[in-house]
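Here's the structure we're looking at; comments come further down.
The values are calculated or read from the model by the stated rules, or taken from the named source; none is laboratory data. These figures come from a predicted structure and were not determined experimentally. Please note: Cβ atoms are built from the backbone with ideal geometry, for glycine as well, and neighbour counts cover all protein chains shown.
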Amino acid sequence: MKSKLAADLQQRKRFKTTEITQKILKSLSQNQTLPTFQQWWVKLNQTDYPKNARVRIKNRCVLTGRSASVSRNCQLSRIQFRELGRSGCITGLQKSSW
């Protein structure tokens, strides 16, 4: 489980370094005011980056590394969220009653 967490962290770092340049190249390639040679050069540089880098990133639980049913806003799996909520570690969370 730790190896998957480490691999995911490494993938996120790799994506973080290339994200800004990818967005700049994409906006330049869609710019119609540039000469055609510059547009061609930008599109050529765009092909150097992997297209599916963002798709490969998987949300994992921060505590356990579990990949299934992880909440996006707190980065915890449903099991850890439930345990921490029961023990009172998550402020503002209480058992519902109606």
Quick check on region 76-91. Is at least one of its residues surrounded by 11 or more Cβ atoms within 10 Å (Cβ to Cβ), within 18 Å of Lys2 (Cα to Cα), at pLDDT below 85 and of a type outside the set (Asp, Glu)? no
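Going residue by residue through region 50-66, is there one that turns out to be among the hydroxyl-bearing types (Ser, Thr, Tyr), in a loop (DSSP other than H, G, I, E, B) and at positive phi?
Step one: list which residues in region 50-66 are among the hydroxyl-bearing types (Ser, Thr, Tyr), which gives 64.
Filter once more, keeping what is in a loop (DSSP other than H, G, I, E, B): 64.
Subsequent filtering for residues that are at positive phi retains none.
The answer is no; no qualifying residue exists.
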For residues in region 19-50 being modelled with pLDDT of 80 or more and among the hydroxyl-bearing types (Ser, Thr, Tyr), which is nearest to Gly65 (Cα to Cα)? Thr21
